Amino acid sequence: MTGVLDRLGPHELVPVKTMILLSATANFGGVVVRRGSLDLGFFLTRRLQHPRVNKVERLSPRKFAHHVHLSGPAEVDQEVVAWLTEAYVDCVIGGRAR
């Protein structure tokens, strides 16, 4: 997954007590290690309705947290890459314009 993140742009992986934050000028997601899987969370300015998204939290009027379980590297496919790219653009690049 780090290769995918490298293609997005400048970022940091910030370990905190319970997760690893995906951060640039703003946090755009995070990863929680679970037994047998990873819980990938990412922030979008829209509510994403998709069978792979197992939880959505409204954080503010324009910010939704989405959670996807990943059980192996093959699950980081074009769809997940597109969501992470959108999260990066929404939170990092879009955040600069505000």
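Every read-out reported here was derived from the displayed coordinates using simple, explicitly stated rules and does not represent laboratory data. The structure presented is a predicted model; accordingly, all values stated were derived computationally and were not measured. Neighbour counts run over all protein chains shown; Cβ positions are idealised from the backbone, glycine included.
Brief remarks follow.
- One chain, two ends: residue 82 and residue 25. Fully extended at 0.36 nm per residue, the span grows by 18.6 nm beyond their Cα-Cα distance.
- Length-normalised contact order of region 2-97 in % [C-alpha pairs under 8 Å, at least 6 apart]: 24
- Packing-based order for 30-41, 48-59, using average beta carbon neighbours within 10 Å, highest first: 30-41, 48-59
- Residues 60, 23 arranged by fewest to most Cβ contacts within 10 Å: 60, 23
- Scoring 83-91, 64-72 by mean Cβ neighbours within 10 Å over their residues and listing the highest first yields 83-91, 64-72.
- Our helix-only sum for the chain, with -39,500 (n - 2.57) per DSSP H run of n ≥ 4 divided by its residues, gives a mean residue ellipticity at 222 nm of -6000 deg cm²/dmol.
- Pairwise FRET efficiency - residue 45 versus residue 75, Cβ, R0 = 25 Å, nearest 0.05: 0.55
- Potential extension, residue 32-residue 63 segment - 0.36 nm per residue separation minus Cα distance: 9.2 nm
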